[in-house]
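Before any comments, here is the structure.
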Amino acid sequence: RADGKVALVVATNEPARLRGLAAGEVVRGMAPPVGGRGGGRDDVAQGGGTDPDGIPEALLLVEHVVGQRVSGSA
């Protein structure tokens with residue numbers, strides 16, 4: 001959070017990518033609660049938004065997206 005804006009950055013390591021996790025997918029999944037969007041490559045992605053109050057929900061969505069992907073239920 002800085003100046004009323006939210007910056008999102010996600011990086012994945014090789015074991016995560018081998019399990020099908022892509023950084024761009026995670027950023028796209030967490031951006032809506034902060035009023036934003038994002039994307040990028042499988043290894044590094046970024047995004048942003050304008051609603052800092054959505055940060056807690058965005059972080060919960062990271063857990064959800066990662067959990068789905070690593071458990072194979074996506």
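The values are calculated or read from the model by the stated rules, or taken from the named source; none is laboratory data. Just so you know, these numbers come straight off a predicted model, no measurement behind them. Note: ideal-geometry Cβ built from the backbone for every residue, glycine included; neighbour counts use all protein chains shown. Accessible surface is based on the protein model in full, side chains and every heavy atom, while ligands, DNA and RNA are left aside. Shrake-Rupley method; radii C 1.70, N 1.55, O 1.52, S 1.80 Å.
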Could you say whether any residue in the stretch 42-57 is open to solvent by less than 30 Å² (accessible area, probe 1.4 Å) and in a helix (DSSP H, G or I)?
-> yes
Filter the stretch 1-13 down to residues that are open to solvent by less than 80 Å² (accessible area, probe 1.4 Å) and either farther than 21 Å from V70 by Cβ or assigned to a loop (DSSP other than H, G, I, E, B) (or both), then give me how many there are.
-> 4
Filtering the stretch 26-41 down to residues that are small (G, A, S) and part of a strand (DSSP E or B), which residue is most open to solvent (accessible area, probe 1.4 Å)?
-> G40
Pairs returned, first residue in the stretch 14-25 that is within 24 Å of R37 (Cα to Cα) and open to solvent by less than 80 Å² (accessible area, probe 1.4 Å), second residue that is at pLDDT 95 or above and of a type in the set (D, E), beta-carbon separation under 9 angstrom, 6 or more apart or interchain, are L21/D42; A22/D42; A22/D43; A23/D42; A23/D43; G24/D42; E25/D42
Qualifying residues in the stretch 1-21 (those that are over 17 Å from T50 (Cβ atoms) and at pLDDT 95 or above) - the one nearest to the chain's Cα centre (by Cα) = V10
